[in-house]
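*Asks:* Have a look at the structure that comes next, please.
The values are calculated or read from the model by the stated rules, or taken from the named source; none is laboratory data. Here the structure is a predicted model, which is why all the values come from computation and not from measurement. Here the Cβ positions follow ideal geometry from the backbone for every residue, glycine too, while neighbour counts run over all protein chains shown. Note: areas computed on protein heavy atoms with side chains; ligands, DNA, RNA excluded. Shrake-Rupley method; radii C 1.70, N 1.55, O 1.52, S 1.80 Å.
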Amino acid sequence: MGSHVISISDVYGGTHRDFTKVANTHGVESHSPLYGPLYLISSLYDLETTIRPGKTRLVWVGTPSNPTLGLVDLQRAASIAHSHGVSLVVDNTFCSPYIQNPRLHGADIVVHSVTKYINGHSDVIMGVAAFNSEEWRERLTFLQNAIGAVPSAFDCWLAHRGLKTLHLRSEAATKNATALALALEASANVIAVRYPGIESHPQRHIAIQQHRNGMGGGMLSFRLMGGREAAYAFCKHTKIFTLAESLGGIESLCEVPAGMTHAGIPKEEREKAGVYDDLIRLSCGIEDGQDLICRCSASH
Ligand SMILES: Cc1ncc(COP(=O)(O)O)c(C=O)c1O
């Protein structure tokens, strides 16, 4: 009871919802009226001073973050967390285990939405937590059994089939996302592009240090001139990209996080994290890269 969790400011909307609307009913302590039980920090500079000795139990980060593609220096986060006896959880969904292995950088638990890149075909809903500790195994398998969060045999078979092409899909999606990010960056209608695979990303050095061959993965986001209306018009008119919330499949998807995946986060908090109404998130699939670029260019 009274535990305290710290996370980065643009944590995945569902994680935010879980901490602020579900975990709080199980005794995870509310830190502030605005943020609920989840104390959000915008950079690792704030981590040291935010940890409450004896109370903070977890530091939870997603890197790259969803949807602004911010990166976290995992070695630094782990060393700060561990120096206070706190565990580090990393949501590695955007990179998948092919591109980034957070355990090698000090994470205690790595979580993935298997629904996304690991399965890769948008036909399974599943998650995985990876760790190397008998204590975590006992606690989490007990909870899994008690809660009943067990996937079906057929879903396991599908995810296993998908996993066999993870390396090929990750390479293809990265190639497409890189080409698209550069094309968007060159457009006069685009305010800013966030993609960790290109030099303009403010934390490109972290991608080079943590990601396989500095790969950026298949996810990118960008702000479009014209506000919310322009963002939705882009998503509705772009051919090949389907307007949908998920990500990490072989097909390309687009969405407007402020009105979709991150709609549950209060506007003030959302904008502090860089999730503006005109932000568009793309999940690049494995289609022909030139087709994707042409379709994007024709829609803005
Ligand atoms: C970064 C991240 N983590 C976790 C999830 C949870 O995924 P799901 O519950 O769909 O498997 C998502 C879903 O969009 C996500 O984007």
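*Asks:* Could you name every one of the helices (runs of 4 or more DSSP H) located completely within region 38-109 that has at least 1 residues being open to solvent by less than 20 Å² (accessible area, probe 1.4 Å) and away from the ligand (no atom under 16 Å from the Cβ)?
*Replies:* Qualifying helices (runs of 4 or more DSSP H): 47-50, 74-83.
*Asks:* Same structure again: Which residues, counting only those in region 240-258, are free of Cβ contacts under 8 Å to residues at least 60 places away in the same chain and open to solvent by 40 Å² or more (accessible area, probe 1.4 Å)?
*Replies:* ILE240, THR242, LEU243, GLU245
*Asks:* A further question follows. Kindly establish whether ALA233 is farther than 26 Å from ASN119 by Cα, more than 16 Å from the ligand (Cβ to nearest atom) and either among the aliphatic types (A, V, I, L, M) or in contact (Cβ under 8 Å) with a residue 24 or more places away in the chain (or both).
*Replies:* So ALA233 fits the description; yes.
*Asks:* Scan region 191-199 and give yes if some residue there is open to solvent by 80 Å² or more (accessible area, probe 1.4 Å), away from the ligand (no atom under 16 Å from the Cβ) and farther than 24 Å from GLN75 by Cβ, otherwise no.
*Replies:* So far as region 191-199 goes, yes, one or more of its residues are open to solvent by 80 Å² or more (accessible area, probe 1.4 Å), away from the ligand (no atom under 16 Å from the Cβ) and farther than 24 Å from GLN75 by Cβ.
*Asks:* In region 172-183, is there at least one residue being open to solvent by less than 10 Å² (accessible area, probe 1.4 Å) and away from the ligand (no atom under 16 Å from the Cβ)?
*Replies:* Within region 172-183, one or more residues are open to solvent by less than 10 Å² (accessible area, probe 1.4 Å) and away from the ligand (no atom under 16 Å from the Cβ).
*Asks:* Show me the helices (runs of 4 or more DSSP H) found entirely inside region 152-225 where at least 1 residues are free of Cβ contacts under 8 Å to residues at least 24 places away in the same chain and among the aromatic types (Phe, Trp, Tyr).
*Replies:* 153-163
*Asks:* What do you reckon, is ILE208 crowded, with 23+ Cβ neighbours inside 10 Å, under 19 Å from the mean Cα position of the chain (by Cα) and not assigned by TED's automatic domain parsing to the domain that holds PRO102?
*Replies:* Spelling it out, it is not the case that ILE208 is crowded, with 23+ Cβ neighbours inside 10 Å, under 19 Å from the mean Cα position of the chain (by Cα) and not assigned by TED's automatic domain parsing to the domain that holds PRO102.
*Asks:* Further, regarding this structure: In region 259-269, how many are touching a residue at least 60 places away in the same chain (Cβ under 8 Å) and either open to solvent by 20 Å² or more (accessible area, probe 1.4 Å) or within 15 Å of the ligand (Cβ to nearest atom) (or both)?
*Replies:* Going through region 259-269 one residue at a time, the tally reaches 7.
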